[in-house]
Amino acid sequence: LQSLDFVPLSSSDYPGGIIITDWYSSSSSSGTSVKIVVKFLSNEVNTSSLEVAGYEKNCKNNSSNCSTKKTSKNFNLTIKENILTSARKLSLEKKRLEK
């Protein structure tokens, strides 16, 4: 959740291992917004333990004339790496405090 704190959450299901954000735009005048879906496949902290899928919505002149497409693999990988980095830091901190 720390890695996605810049975007509002739409829903999260801890037992199901999924986080879905709401549509987010850094600028109301751009007409472009993103939505991110994160699926946790296991409790382990590694690259195969989660999937990230992003979607980009472009609206012409802020109207209902919108198109949606998947975000680039690079965007998804950046989000995934941020989540894994945060998880590793939290795990190391927890181990340090347990000693």
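Give me the lysines in straight-line cross-link reach of LYS70: C-alpha distance below 26 Å, same-chain residues under 8 apart excluded.
The reachable lysines, counting only those whose Cα sits under 26 Å from LYS70, are LYS35, LYS39, LYS57, LYS60, LYS80.
Measure off, as a whole percent, the carbon and sulfur share of the 1.4 Å-probe accessible area of the chain, all protein chains present.
50 percent
Per residue, how large is the accessible surface of the range 1-49? Use a 1.4 angstrom probe and give square angstrom.
With all protein chains present, the range 1-49 gives 64 Å² per residue.
Roughly how tilted is helix 73-98, in degrees to the nearest 10 and between 0 and 90, from the longest Cα axis of the chain?
Rounded to the nearest ten degrees, it is 30.
As I understand it, the dipole of the chain uses +1 on the Cβ of Lys and Arg and -1 on the Cβ of Asp and Glu, about the Cα centre. Which of GLN2, THR71, ASN58 lies farthest toward its positive end?
Projecting each Cα onto the dipole axis, the largest value belongs to THR71.
Take the Cβ-Cβ distance between LEU97 and TYR24 as r, set R0 to 25 Å, and report the resulting FRET efficiency rounded to the nearest 0.05.
The calculated FRET efficiency here is 0.15.
What value, in deg cm²/dmol to 500, does the helix sum -39500 (n - 2.57) over DSSP H runs of n ≥ 4 give at 222 nm once divided by the residues of the chain?
One gets -9500 deg cm²/dmol as the mean residue ellipticity at 222 nm.
Report, in whole Å, the centroid distance computed from the Cα atoms of the range 2-65 and the range 69-99.
If you average the Cα positions of each part, the centres end up 15 Å apart.
The values are calculated or read from the model by the stated rules, or taken from the named source; none is laboratory data. Treat the numbers as computed from the prediction; the structure is a model and nothing was measured. Don't worry about glycine lacking a Cβ; one is built from the backbone with ideal geometry, like all the others, and counts go over all protein chains shown. In case anyone asks, the SASA skips ligands and DNA or RNA and just uses the protein heavy atoms, side chains included. Shrake-Rupley method; radii C 1.70, N 1.55, O 1.52, S 1.80 Å.
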